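The values are calculated or read from the model by the stated rules, or taken from the named source; none is laboratory data. It should be emphasised that the depicted structure is a prediction, and the values quoted were computed from it without experimental measurement. So basically every Cβ, Gly included, is an ideal-geometry build from the backbone, and we count neighbours across all protein chains shown. These accessible areas exclude ligands, DNA and RNA; they are computed on the full protein's heavy atoms, side chains included. Shrake-Rupley method; radii C 1.70, N 1.55, O 1.52, S 1.80 Å.
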Amino acid sequence: MTAPSKSADEVVEQILSTYDAITVVGASANPSKAANEVPAYMKNRGWRIIPVNPAADEIVGEKVYRTLADIPEQVGLVDVFRPGPECADVARAAVAAGATALWLQLGIRSAEARAIAEDAGLLYVEDRCLIIEQRRTGIAPG
């Protein structure tokens, strides 16, 4: 007998209450972009941010890594600010890096990324914003 699957809201709450670090693929150094605003907001609420961007050295005051594979520690939650067609490759890289959760930001969907993440046992959220969900739930890192 398989356990009933969790609702999207339950997965969101599990992710927010489990992880104290967020690896942000596609993080931006431009403060006017959501890919900068969201990590900055989450950092200000107590999460540790690990930005991934091949063209920046520092984002929201944190050292930037070029790829997920370059991060010298265990990756848990991977938050994605990349177009849907690129998300399958990000999902594969997240699985290879040992991630346990994959979150595609608001407006981003990928059936292929979902399949890759779910086949590897990752928690998966798509088309939701971390800021909106953090405000909705009131959850802060442990």
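Pick out the one residue from ARG82, ARG109, ARG66 that is touching a Leu at 6+ places or on another chain (Cβ under 9 Å), among the basic types (Lys, Arg) and more than 18 Å from GLN14 (Cα to Cα). Full working, then the answer.
On the way: ARG109 fails: touching a Leu at 6+ places or on another chain (Cβ under 9 Å); ARG66 fails: touching a Leu at 6+ places or on another chain (Cβ under 9 Å).
Criteria check complete, one pass: ARG82.
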Would you check if there is a residue in the range 88-95 being farther than 22 Å from GLY121 by Cβ, among the basic types (Lys, Arg), modelled with pLDDT of 95 or more and more than 13 Å from the chain's Cα centre (by Cα)?
no
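Considering every residue within the range 58-65, establish whether at least one is in a loop (DSSP other than H, G, I, E, B) and open to solvent by 60 Å² or more (accessible area, probe 1.4 Å). Walk me through it before giving the result.
In the first step, residues of the range 58-65 are kept if they are in a loop (DSSP other than H, G, I, E, B); the result is 60-61, 64.
Of the ones still in play, those that are also open to solvent by 60 Å² or more (accessible area, probe 1.4 Å) are none.
Looking for residues that are in a loop (DSSP other than H, G, I, E, B) and open to solvent by 60 Å² or more (accessible area, probe 1.4 Å), one finds none in the range 58-65, hence no.
Does PRO72 meet the test of being more than 11 Å from the chain's Cα centre (by Cα), loosely packed, with under 12 Cβ neighbours inside 10 Å and either outside any loop (DSSP other than H, G, I, E, B) or touching a residue at least 12 places away in the same chain (Cβ under 8 Å) (or both)? Walk me through it before giving the result.
Details: more than 11 Å from the chain's Cα centre (by Cα): yes; loosely packed, with under 12 Cβ neighbours inside 10 Å: yes; either outside any loop (DSSP other than H, G, I, E, B) or touching a residue at least 12 places away in the same chain (Cβ under 8 Å) (or both): no.
No: the conditions fail for PRO72.
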Could you tell me which of the residues VAL60, VAL25, VAL64 is of a type in the set (A, V, I, L, M) and in contact with a Phe, Trp or Tyr (Cβ under 8 Å, 6 or more places away or on another chain)?
VAL25
State the number of residues belonging to the range 36-57 that are open to solvent by less than 60 Å² (accessible area, probe 1.4 Å), touching a residue at least 60 places away in the same chain (Cβ under 8 Å) and in a helix (DSSP H, G or I).
3
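Look through VAL78, VAL95, VAL90 and report the one residue that is crowded, with 19+ Cβ neighbours inside 10 Å, of a type outside the set (Phe, Trp, Tyr) and part of a strand (DSSP E or B).
Working: VAL95 fails: part of a strand (DSSP E or B); VAL90 fails: part of a strand (DSSP E or B).
On inspection, the qualifying residue turns out to be VAL78.
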